[in-house]
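Notes follow once the structure below has been shown.
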Protein chains: 2
Amino acid sequence: MEKRTRIDQVLATKPIGEIITVKGWVRSFRNNQFIAVNDGSDFDSLQIVINRESLSSDTLKKIHPGAAVGAKGTLTESQGRGQAVELKADELIVYGEADPETYPIQPKKHTKEFLRENAHLRFRTNTFGAIFRIRHELSYAIHKFFHERKFYYLHSPIITASDAEGAGEMFRVTTLDPNNPPLTTDGQVDLKKDFFGRETNLTVSGQLEAELAALALGQVYTFGPTFRAENSHTSRHLAEFWMVEPEVAFNDINDNMDLAEDMLKYLINYVLEHCRKDLQFLHNAAEKEDSQKPKNQRPDMGLIDRLEFCLEQDFARITYTEAIDILMNSKPNKKKKFNYVIEGWGADLQSEHERYLVEKHFKKPVILYNYPKDIKSFYMKVNDDNKTVRAMDILFPGIGEIIGGSEREENLDVLKSRMKEMNIPMEELYWYLDIRKYGSCPHSGYGLGFERMVQFVTGMSNIRDVIPFPRTPGNASF
Amino acid sequence: MEKRTRIDQVLATKPIGEIITVKGWVRSFRNNQFIAVNDGSDFDSLQIVINRESLSSDTLKKIHPGAAVGAKGTLTESQGRGQAVELKADELIVYGEADPETYPIQPKKHTKEFLRENAHLRFRTNTFGAIFRIRHELSYAIHKFFHERKFYYLHSPIITASDAEGAGEMFRVTTLDPNNPPLTTDGQVDLKKDFFGRETNLTVSGQLEAELAALALGQVYTFGPTFRAENSHTSRHLAEFWMVEPEVAFNDINDNMDLAEDMLKYLINYVLEHCRKDLQFLHNAAEKEDSQKPKNQRPDMGLIDRLEFCLEQDFARITYTEAIDILMNSKPNKKKKFNYVIEGWGADLQSEHERYLVEKHFKKPVILYNYPKDIKSFYMKVNDDNKTVRAMDILFPGIGEIIGGSEREENLDVLKSRMKEMNIPMEELYWYLDIRKYGSCPHSGYGLGFERMVQFVTGMSNIRDVIPFPRTPGNASF
């Protein structure tokens with residue numbers, strides 16, 4: 001059969017009267033005559049009208065949801081409802097069948113959990129087709145945003161001997177035989193004999209390496225996988241996830257907030273412009289699902305409204321100190337409705353506090369900055385008060401923290417004393433100190449949890465539904 | 001000091017007479033008056049002319065190569081040679097010094113090996129600035145190429161329980177304490193107690209997962225890190241490298257060759273159009289280096305000429321069988337000059353044979369296809385001759401294999417018997433078999449070793465010089 005025309009092209013250009021060939025997978029087969037064929041290029045399927053006379057009964061028997069087919073014929077205006085055009089097929093090939101007795105993805109409602117267990121097939125559903133097309137557009141928009149602003153994409157290392165956060169639970173990477181490792185004279189596993197001659201782990205962040213590049217190339221960003229070996233079984237955590245980490249020389253904390261807000265709005269705007277059909281489907285599906293919930297649990301806004309709303313708002317920008325004031329004076333704190341009641345300055349904010357600020361108090365995205373230094377990382381720039389650091393977190397409705405960043409400590413002596421205080425090994429990070437020793441300058445950056453962003457845009461409540469093959473404790477399938 | 005204007009903007013728009021601020025790193029300081037400042041946005045530096053009267057001697061003393069500075073003043077036409085404009089600075093700030101006694105990157109020629117040991121600072125040199133800007137443009141061009149053709153970017157998993165090639169030497173990923181692992185009753189390490197409840201490894205390829213997505217979304221590509229735990233200390237191998245793997249439903253081996261050739265030409269054309277200054281520098285540097293070599297070791301073409309040449313040629317496309325004929329009849333084979341003399345059909349081609357075909361016989365890129373099935377992977381489509389598979393390799397001058405791909409075996413029974421023959425565990429790959437069971441169709445894809453591509457475009461002979469922080473046996477620094 002001839003080369004195929006993609007169905008998105010057919011639906012967009014509607015070449016009525018032309019003979020075309022399409023190929024894809026059967027979504028439904030009605031009245032022994034109408035096949036909805038989807039090839040992944042568009043949310044919508046193309047209706048194929050078959051000529052039963054010209055098809056062998058053998059071929060007819062093979063047409064079931066999930067089967068791969070090719071059809072050649074004339075594109076015509078559709079008489080039926082629900083589509084503008086349809087293909088009157090003169091030829092039909094079934095490339096691969098899908099036995100209706102065993103094929104798991106039938107045209108009916110499946111639970112998300114069932115589809116997670118069949119993640120190799122869930123791309124074939126409306127919901128996951130939409131999600132993974134949107135994930136693509138968001139990825140592309142990230143590259144486009146930074147490229148337009150003359151940032152360079154940096155591939156920071158995945159296997160690393162350092163722990164950027166100084167605290168993460170990490171995966172070890174090794175080639176030693178676990179059952180028969182080489183030992184040192186005192187009976188410990190001899191890591192010098194491992195592949196890299198030392199202990200290595202999977203990266204928890206590309207930030208430190210991005211700083212090295214930023215202090216030469218000016219503006220860089222990473223977009224790569226990062227890992228946390230946390231044993232959390234929540235709908236918010238993955239062991240393997242993708243992070244976007246820009247780093248900019250000569251930017252201070254305010255420039256950093258501007259860049260982050262610009263980026264988030266650019267991304268939201270991009271998907272609103274480029275993923276309308278997929279978003280509308282997810283919007284409608286969420287609306288239907290929400291209508292089943294008790295009134296007080298229904299969201300104030302639909303999915304698309306929420307995206308448009310974020311686009312129109314200036315994000316609130318308040319210091320940590322101001323946030324503590326607001327929270328101390330809030331009803332849930334006074335009535336001890338929070339699980340963690342805020343007692344005063346210095347408290348670490350929990351998800352419930354962040355959500356209160358975003359969803360109840362400001363009712364829009366919030367940037368919190370200038371956090372107490374004791375609850376933040378060693379590399380964040382200490383303010384003149386010597387109590388706070390130039391950290392910033394961006395909080396989104398329904399998601400909580402979507403971005404965390406800071407101006408970096410560029411003063412070698414201050415950085416060293418912070419590392420000492422926090423027991424960060426200096427010898428191992430000599431290269432990080434070197435860029436403060438030679439040509440240091442103010443610089444800032446942040447990390448965007450990419451899956452959190454996809455969650456926000458698609459409205460998915462479980463993070464396992466926005467990455468193709470989620471890795472979580474006990475699960476590395478596919 | 002005010003926000004900076006990027007130097008590439010200053011050089012491109014030349015706003016003579018305007019007061020501007022630039023920030024960057026000193027490349028050189030001549031006559032106590034002329035500072036070449038580079039901010040990474042452009043290969044070229046901007047000449048800053050300082051007003052010595054207005055600067056304290058303390059500030060003057062801090063100006064050395066590598067120091068971070070900011071300068072504000074009026075842009076004027078330059079009287080000197082070598083630049084069109086210069087900045088007459090009224091203000092100058094030194095953000096961070098670079099002690100000339102200890103700063104490793106002095107304005108002189110450093111060996112590549114020295115710069116590898118100082119990979120955290122090598123971004124600050126002309127050569128590595130150029131390489132990593134080109135690496136960025138190539139990455140962007142890859143996303144742009146596939147996006148324009150409606151491919152979706154797929155994030156295939158990094159931690160995996162499967163071995164796509166059925167043969168790779170892999171890194172294990174674990175959270176078990178190597179010195180005190182949990183044991184089963186028969187004394188072996190109990191992998192059920194590991195983080196994922198089983199043995200897991202770092203991926204060697206995203207292909208199998210890309211196939212799952214392609215058979216629903218139509219056309220996808222991966223662009224992510226992949227890993228080989230091979231103990232090779234060559235200039236051609238990395239333990240961690242980036243791969244680009246498109247996968248297309250309904251494409252056969254010929255479509256696959258077309259796509260790969262189109263992509264390679266698109267990428268080469270993109271860098272020729274977007275990286276001219278950086279390429280010219282690398283071209284000139286290579287020319288100078290080559291001129292030191294004996295005549296018979298000098299390349300026929302300069303770097304840019306080689307890129308343009310590849311663009312103009314149709315790649316030669318020959319079967320493996322034809323290649324064997326050519327090689328058997330070649331001078332080096334007859335005179336036993338090859339290290340591995342080709343004895344007949346079935347031989348695995350070595351790098352020396354590939355280079356002969358590309359550099360001596362065809363003198364252009366070559367696509368070899370239809371290889372003996374016994375030397376290729378289980379998932380490649382078996383031809384009707386039952387002797388060969390629809391594999392293809394693209395061979396480039398100076399690089400050798402840059403792309404490897406195939407049409408995939410879409411017939412469930414043939415695939416199963418191939419897996420059996422080659423001892424590939426079927427139970428573990430049930431999901432891979434499922435997509436042949438349900439809605440199977442012809443499909444094809446390939447893998448591009450991204451660093452090989454960057455090598456070809458930049459002319460770097462050592463692969464460690466085209467990735468920011470190379471991982472090789474014994475080396476996971478930075």
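Given the conditions (1) farther than 30 Å from B:Gly66 by Cβ; (2) more than 22 Å from the chain's Cα centre (by Cα), and given that A:Ala239 satisfies all but one, which numbered condition is not satisfied? Of (1) farther than 30 Å from B:Gly66 by Cβ; (2) more than 22 Å from the chain's Cα centre (by Cα), only one is false for A:Ala239: (2).
So, in segment B:102-121, of the ones that are of a type in the set (D, E, K, R), in a helix (DSSP H, G or I) and more than 18 Å from A:Leu429 (Cβ to Cβ), which residue ends up nearest to the other protein chains (Cβ to nearest Cβ)?
Per the stated criteria, the residue is B:Arg116.
For first residues located in segment B:53-71 and within 14 Å of chain A (Cβ to nearest Cβ) and touching a residue at least 24 places away in the same chain (Cβ under 8 Å), partners that are among the charged types (D, E, K, R) and in a helix (DSSP H, G or I) and lie 6+ apart or on another chain with Cβ distances below 9 Å form the pairs B:Gly66/B:Arg124. Within segment B:207-221, the set of residues being farther than 17 Å from A:Arg122 by Cβ and either among the hydrophobic types (A, V, I, L, M, F, W, C) or more than 10 Å from chain A (Cβ to nearest Cβ) (or both) comprises B:Gln207 only. Would you be able to tell me the number of residues in segment B:452-476 that are in contact with a Pro (Cβ under 9 Å, 6 or more places away or on another chain) and among the charged types (D, E, K, R)? Of the residues in that region, 2 qualify. Looking only at residues in segment B:108-140 that are basic (Lys, Arg) and closer than 16 Å to B:Pro470 by Cβ, the one that is surrounded by the most Cβ atoms within 10 Å (Cβ to Cβ) is B:Arg135. Considering segment A:268-306, and only residues there that are small (Gly, Ala, Ser) and in contact (Cβ under 8 Å) with a residue 24 or more places away in the chain, the residue that is nearest to A:Ala130 (Cα to Cα) turns out to be A:Ala285. Scanning segment A:61-68 turns up at least one residue that is under 21 Å from A:Ala98 (Cα atoms), out of contact with any Ser or Thr (no Cβ under 8 Å at 6 or more places or on another chain) and surrounded by fewer than 18 Cβ atoms within 10 Å (Cβ to Cβ). Where strands (runs of 3 or more DSSP E) sit wholly within segment A:10-95, those with at least 2 residues that are of a type in the set (S, T, N, Q) occupy A:19-30, A:68-77. Could you tell me whether segment A:123-134 includes any residue that is more than 8 Å from every other protein chain (Cβ to nearest Cβ), over 24 Å from B:Arg135 (Cα atoms) and touching a Leu at 6+ places or on another chain (Cβ under 6 Å)? There is at least one residue in segment A:123-134 that is more than 8 Å from every other protein chain (Cβ to nearest Cβ), over 24 Å from B:Arg135 (Cα atoms) and touching a Leu at 6+ places or on another chain (Cβ under 6 Å). Residues in segment B:169-209 that are in a strand (DSSP E or B) and within 23 Å of B:Gly224 (Cα to Cα): B:Arg172, B:Val173, B:Thr174, B:Thr200, B:Asn201, B:Leu202. Of the residues making up segment B:1-20, those that are facing chain A (nearest Cβ under 10 Å) and surrounded by fewer than 19 Cβ atoms within 10 Å (Cβ to Cβ) are B:Met1, B:Lys3, B:Asp8, B:Gln9.
Give the number of residues within segment A:259-287 that are closer than 19 Å to A:Gln207 by Cβ and within 13 Å of chain B (Cβ to nearest Cβ).
Result for segment A:259-287: 1.
Among B:Gly398, B:Gly459, which is touching a His at 6+ places or on another chain (Cβ under 8 Å), over 24 Å from B:Tyr152 (Cβ atoms) and away from chain A (no Cβ under 12 Å)?
On the way: B:Gly398 fails: touching a His at 6+ places or on another chain (Cβ under 8 Å).
Testing whether each residue is touching a His at 6+ places or on another chain (Cβ under 8 Å), over 24 Å from B:Tyr152 (Cβ atoms) and away from chain A (no Cβ under 12 Å) leaves just B:Gly459.
Selection over segment A:226-248 of residues that are in contact (Cβ under 8 Å) with a residue 24 or more places away in the chain and part of a loop (DSSP other than H, G, I, E, B) gives a count of 11. Only residues that are under 35 Å from the mean Cα position of the chain (by Cα) and closer than 22 Å to B:Leu11 by Cβ were counted across segment B:64-84, and they come to 9.
So for segment A:96-104 (the condition being over 27 Å from A:Asp58 (Cβ atoms) and out of contact with any Pro (no Cβ under 6 Å at 6 or more places or on another chain)), does at least one residue qualify? No.
With respect to being under 30 Å from A:Gly445 (Cβ atoms) and at pLDDT 95 or above, A:Leu272 fits the description.
The rows are residues; the columns are (1) buried (at least 20 other Cβ atoms within 10 Å of the Cβ); (2) not hydroxyl-bearing (Ser, Thr, Tyr).
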| site | (1), (2) |
| --- | --- |
| A:Lys364 | no, yes |
| A:Asp434 | yes, yes |
| A:Gly445 | yes, yes |
| A:Gln455 | yes, yes |
| A:Thr458 | yes, no |
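The values are calculated or read from the model by the stated rules, or taken from the named source; none is laboratory data. For clarity, every value in this text was computed on a predicted model and none was experimentally measured. With ideal geometry, Cβ positions are generated from the backbone for all residues, glycine too; neighbour counts draw on all protein chains shown.
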